[in-house]
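The values are calculated or read from the model by the stated rules, or taken from the named source; none is laboratory data. Since the model is a prediction, treat every value here as computed from it, not as a measurement. Cβ placement follows ideal geometry from the backbone for every residue including glycine, while neighbour counts extend to all protein chains displayed. All accessible areas refer to the heavy atoms of the entire protein, side chains included, with ligands and DNA or RNA removed. Shrake-Rupley method; radii C 1.70, N 1.55, O 1.52, S 1.80 Å.
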Amino acid sequence: MGVRFAIVDWTALAPGLAARTDWQAWSRAPQRPEGALEAKLDAMPAMQRRRLNPLGRAAAQAAWDCHSPDGQTPVVFASGYGDAQRCLQLLKEFAASGEASPTDFALSVHNAIGAMYSIARGDGASYSSVAAGAASAAAGVLEACALLAQGASEVLLVCYESPLPGEYGAFEREPQCPYAWAWRIAPAQDGRPHFSLAWTDAADADSKEAVDGDGLPFGLESLRFAISSDAQLCARAEGTRWTWSRHA
């Protein structure tokens with residue numbers, strides 16, 4: 001099974017990495033970014049911007065920098081855990097007082113970042129949020145390709161993650177670091193550069209087979225492949241073997 005797609009444009013943010021040249025240099029010698037996510041997000045009104053945590057601002061910044069201006073491009077937000085920091089804080093407050101802020105609750109749900117982004121832009125296009133654990137970037141690509149198959153000319157995919165906070169850290173299933181990236185995806189055309197993504201049950205793959213990777217989380221490794229010159233990347237996530245391929 002597999003899908004084909006083209007990446008029309010891309011943007012990314014991580015601690016110490018913002019400019020495209022920085023990311024391209026990083027792709028040749030990748031390492032996990034360390035530090036705090038910082039995004040000015042000047043395009044979003046201050047009142048709305050203040051409601052987003054650093055992860056939300058970074059995701060919205062990556063999206064804004066890559067989004068087409070027509071306001072009709074469907075958007076897919078993909079994250080394994082979303083704003084887990086806000087969720088954990090909300091649960092602790094409820095456990096201590098028996099009460100929870102309605103505003104914090106509304107902003108803790110998985111589609112809150114996408115909702116805030118769409119409101120700020122006044123977009124009328126469809127928005128969706130997907131979560132598939134470590135494989136969320138691949139799930140986002142599949143959702144985007146489904147929208148292309150339904151007739152969308154382009155889809156904006158936004159993938160973002162941050163290390164799980166506090167007690168949630170025990171549930172980490174892959175290397176952790178903060179990042180956010182966006183791809184503007186269009187249908188693949190024969191004879192033009194594009195990518196494909198294929199998948200199979202990891203149990204069906206040869207257990208001795210080498211799987212590429214640089215100790216990066218799956219979503220960030222997927223970005224690294226896309227902006228590198230590598231022909232193929234194989235990686236396992238959530239019991240599935242994913243194969244990214246570049247086609248000239």
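Brief remarks on what is shown
- Hey, Arg224 open to solvent by less than 20 Å² (accessible area, probe 1.4 Å), modelled with pLDDT of 95 or more and either at negative phi or of a type in the set (Phe, Trp, Tyr) (or both) or not: yes
- Pair list, Cβ under 9 Å, 6 or more apart: the stretch 68-96 residue hydroxyl-bearing (Ser, Thr, Tyr), other residue open to solvent by 80 Å² or more (accessible area, probe 1.4 Å): Thr73/Ser153; Tyr81/Phe171
- Residue match in the stretch 119-134 (condition: within 20 Å of Trp183 (Cβ to Cβ), surrounded by fewer than 19 Cβ atoms within 10 Å (Cβ to Cβ) and in contact (Cβ under 8 Å) with a residue 60 or more places away in the chain): yes
- Candidate set: the stretch 46-63, residues that are among the polar types (S, T, N, Q) and assigned to a helix (DSSP H, G or I); chosen: the one surrounded by the fewest Cβ atoms within 10 Å (Cβ to Cβ): Gln48
- For the stretch 163-191, a residue qualifies if it is under 11 Å from the mean Cα position of the chain (by Cα) and either outside any loop (DSSP other than H, G, I, E, B) or at pLDDT below 95 (or both), and the qualifying residues are Tyr179, Ala180, Trp181, Ala182, Trp183.
- Checked against (1) under 29 Å from Ser153 (Cα atoms); (2) touching a Ser or Thr at 6+ places or on another chain (Cβ under 8 Å), Met44 meets all criteria but (2).
- Top-ranked residue in the stretch 136-147 [being touching a strand residue (DSSP E or B) at 6+ places or on another chain (Cβ under 8 Å) and open to solvent by 20 Å² or more (accessible area, probe 1.4 Å); ranked as farthest from Ala84 (Cα to Cα)]: Leu147
- Residue match in the stretch 70-80 (condition: open to solvent by 20 Å² or more (accessible area, probe 1.4 Å), modelled with pLDDT under 85 and among the polar types (S, T, N, Q)): no
- Residues of the stretch 1-33 that are in a loop (DSSP other than H, G, I, E, B) and among the polar types (S, T, N, Q): Gln31 alone.
- Only one entry in Ala6, Ala29, Ala18 is closer than 29 Å to Trp199 by Cβ, without any contact (Cβ under 8 Å) to a residue 60 or more places away in the chain and surrounded by fewer than 20 Cβ atoms within 10 Å (Cβ to Cβ), namely Ala29.
- Just one of the listed residues (Ala36, Ala43) is open to solvent by 30 Å² or more (accessible area, probe 1.4 Å), at pLDDT 90 or above, within 16 Å of Tyr179 (Cα to Cα) and in a loop (DSSP other than H, G, I, E, B), namely Ala36.
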